[in-house]
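Read through the structure below, which is laid out as structure tokens, and then see the notes.
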Amino acid sequence: MKSLVESILTEAHTHSASDIHITLDESGGTVKLRVKGQMVQLQLLDGDTFKRLINYLKFITELDINEHKVPQSGRTTVQLEHGEISVRISTLPMTILRESVVIRILNNNDRQTSRELFYDKKDYLFLSEYMKKSQGLILFTGPTGSGKSTVMYRLIKEIADEGLKAVISIEDPVEYEVPGLVQVEINEKAKLEYAPLIRGVLRCDPDIIMFGEIRDKTIAEELIKTSLSGHLVLSTFHSKSALGTLVRLQDYGLFKEELSESISLIVNQRLIHTAKRSFIICEYIESKDVENFLKGKTVKYDTLIDKLALIHQESGMNDEEYQYYHRILQ
């Protein structure tokens with residue numbers, strides 16, 4: 001199984017895949033790669049090989065091999081010929097004793113700098129300047145697979161490399177190991193709640209706090225309080241647009257006043273794949289825009305569709321690519 005896993009991961013690296021999907025149906029197991037947003041079949045597995053592969057993946061990520069009824073997630077690093085590759089393994093129960101697995105490749109684009117991730121380098125410079133602030137809440141938003149965590153980690157890494165600020169992250173689980181960053185992994189078995197954990201982090205004199213993802217009202221409230229206490233706080237959040245982020249946060253029951261006082265910047269982004277290259281486009285609203293929107297005023301800014309149209313005009317994508325992404329972004 002070790003050689004099979006190494007072979008699959010090598011193919012994933014070669015094709016710059018973001019994820020590997022391992023599923024089972026009546027005909028047997030299937031391994032597929034997600035390459036530039038599209039699913040590509042890699043190989044077929046017989047039933048026995050599929051079962052042993054799943055068990056081996058659970059073993060190397062220290063998951064419970066005998067647990068088939070609840071989702072599990074773990075992380076590991078595998079040594080390949082070209083170097084180490086970090087992965088996150090997530091299992092999903094299907095029927096009795098049957099599971100599917102998704103492997104997220106965590107470091108398949110490490111050669112890119114933060115600047116190279118963006119189509120418009122001015123977006124990178126804008127975000128880089130925001131990282132120099134001493135207080136406020138910065139949210140990186142978008143759907144799954146839009147590159148939120150990648151951008152946030154890259155910006156944090158640049159701050160950590162400078163070594164001038166104390167940066168602490170709270171993650172579930174730790175996805176990228178960043179030198180110079182104090183990374184705290186949430187231990188669900190210890191039943192440690194977020195509020196006391198964040199208060200514990202505050203006692204360690206951080207300049208910047210990064211929280212992996214806002215998943216509920218409790219986390220959102222704690223991060224708002226933290227940003228108002230004189231710290232720069234970064235996190236990710238699932239939403240379709242920058243303004244939609246504010247609507248979703250209000251759905252949590254958060255007050256307009258605390259949102260207006262705490263949020264410095266909302267970045268909403270998408271990962272775009274063209275025949276020429278892959279890159280990120282983003283839209284963003286700042287604190288004044290947040291305040292105006294919450295007061296019911298009209299907010300004008302360059303949206304993702306505006307950015308997409310400009311890229312098309314500059315021949316950064318062909319007509320077919322433009323129409324495809326325009327339809328998705330509407």
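Cβ neighbours within 10 Å, averaged per peptide: list 20-29, 38-47 in order, most packed at the top.
The most tightly packed comes first, giving 20-29, 38-47.
In the chain, how does Rg compare with the Kirkwood Rh, expressed as the Rg/Rh ratio over alpha carbon atoms?
0.97
Taking only Cα atoms, what is the 0 to 90° angle, nearest 10, from helix 319-329's long axis to the longest principal axis of the chain?
70 degrees
Going through the cross-link list Lys2/Lys157; Lys148/Lys307; Lys148/Lys276; Lys121/Lys148, which pairs have a Cα-Cα distance over 24 Å in this structure?
Lys2/Lys157
Mind ordering 172-182, 78-88 by average Cβ neighbours within 10 Å, highest first?
Peptide ranking by packing, descending: 172-182, 78-88.
What is the distance, in nm, between label points placed 7 Å from the Cα along the Cα-to-Cβ direction at Glu258 and at Leu4?
With each label point 7 Å from Cα toward Cβ, the separation is 5.0 nm.
Can you pick out the pairs among Lys240/Lys297; Lys58/Lys217; Lys225/Lys295; Lys36/Lys300 whose Cα atoms lie more than 24 Å from each other?
Lys58/Lys217; Lys36/Lys300
Expressed in nm to one decimal, what extension gain is obtained for the pair Met39 and Lys69 from 0.36 nm per residue of sequence separation less their Cα-Cα distance?
Roughly 8.2 nm would be gained on extension.
In deg cm²/dmol, rounded to 500, what helix-only [θ] at 222 nm does the chain give when every DSSP H run of at least 4 residues adds -39500 (n - 2.57) and the total is split over its residues?
Roughly -11000 deg cm²/dmol at 222 nm, from the helical runs in the chain.
Read-outs: derived from the displayed coordinates by stated rules, not from any lab. These numbers come from a predicted model, not from an experiment. Note that each Cβ is placed from the backbone with ideal geometry, even for glycine, and that neighbours are counted across all protein chains shown.
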